[in-house]
Amino acid sequence: EPEVTQTPSHQVTQMGQEVILRCVPISNHLYFYWYRQILGQKVEFLVSFYNNEISEKSEIFDDQFSVERPDGSNFTLKIRSTKLEDSAMYFCASSGGGHNEQFFGPGTRLTVL
Amino acid sequence: QQPVQSPQAVILREGEDAVINCSSSKALYSVHWYRQKHGEAPVFLMILLKGGEQKGHEKISASFNEKKQQSSLYLTASQLSYSGTYFCGTEWGSGNTGKLIFGQGTTLQVKP
């Protein structure tokens, strides 16, 4: 069964450093998303991406964040200058349509020291 | 503003039933239900769309009351594997971005 994959599974970084989180969505999906979940809290929407551009973003997704689909398979989230409060689990998800079910990857745990 | 889930936590014995509710203060286009086990990704359970369409697992049932802006997830004859945190994710507009706003979650524990 096709699934969303994410790398790395755990990333530890120093405050102020740049990180890139990688995702490979399900191959025939067209809509891609990033969510984050601070430990013990709810899942929060960051950004949706369709047709090579951002279709919607939340207030969390400020100028420090960017997304890219550098090739036909990868979808990346870049945080330019990490802060302590960026520590969270970051989930990538993909769907076949804007109102379709979203399938989540296993997540990348980001720890900012 | 996030949807509100109730109850916050449920403890069941195997074989018992549970209902988890999700209420929104804004008109809903769709409601998505997910289950998350500790340390794992949310797993899709069901999507309910405005107009009555539903897609999901055979053993899961849910309702969507568009007028009341509410959805309920029905877990019947619960099994140990049902334990986890259940989240509803809501779409508030017909715009095709897929943005989901999640509730705070309902923790379900099924005991033998």
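The values are calculated or read from the model by the stated rules, or taken from the named source; none is laboratory data. Just so it is clear, the model here is predicted, and its values are computed rather than measured. In this analysis, Cβ positions are derived from the backbone assuming ideal geometry, glycine residues included, and neighbour counts consider all displayed protein chains. Remember, those area values only see protein heavy atoms, side chains included, never the ligands or the DNA or RNA. Shrake-Rupley method; radii C 1.70, N 1.55, O 1.52, S 1.80 Å.
Applying 1/(1 + (r/R0)^6) with r as the Cβ-Cβ distance of residue B:17 and residue A:22 and R0 = 25 angstrom yields a FRET efficiency of 0.05. Take the Cα coordinates of the protein assembly as shown, assign each an equal point scatterer, and use the Debye formula without solvent to give log10 I(q)/I(0) at q = 0.07, 0.09 Å⁻¹. For the protein assembly as shown at q = 0.07, 0.09 Å⁻¹, log10 I(q)/I(0) is -0.22, -0.36. Within the same chain, lysines fewer than 8 places from residue A:42 are excluded, and of the rest, those with a Cα less than 16 Å from its Cα are B:37, B:99. Dividing the mean sequence gap of close Cα pairs (under 8 Å, 6+ apart) by how many residues chain B holds gives a relative contact order of 38 percent.
Could you order B:35, B:13, A:109 by accessible surface area, starting with the largest, using a probe radius of 1.4 Å? Don't skip to the end; give the middle numbers.
Details: B:35 50, B:13 130, A:109 80 Å².
Of B:35, B:13, A:109, the descending order of accessible area is B:13, A:109, B:35.
Taking all protein chains into account, the per residue accessible area for chain B stands at 49 Å² (1.4 Å probe). With one equal scatterer per alpha carbon and no solvent term, the Debye-computed log10 I(q)/I(0) for segment A:7-113 at 0.10, 0.11, 0.17 1/Å reads -0.25, -0.30, -0.73. Over all orientations, segment A:23-66 has a Cα convex hull whose mean projected area works out to 3.8 square nanometres. Among the GluC sites (Glu not before Pro) in segment A:9-113, those located in a DSSP loop and surrounded by at most 11 other Cβ atoms within 10 Å of their own Cβ are A:18, A:59.
Inter-part distance, segment A:26-65 to segment B:1-58, computed on C-alpha centroids, equals 20 Å. Please state the relative contact order of chain A as a whole percent: Cα pairs under 8 Å, 6+ residues apart? Worked out over chain A, it gives 38 percent.
Multiplying each eigenvalue of the alpha-carbon gyration tensor of segment B:22-86 by 5 and taking the square root yields semi-axes of 22, 13, 11 Å, largest first, rounded to whole angstroms. For the pair B and A, the buried accessible area comes to roughly 1900 Å² in total, with a 1.4 Å probe and the value rounded to the nearest 100.
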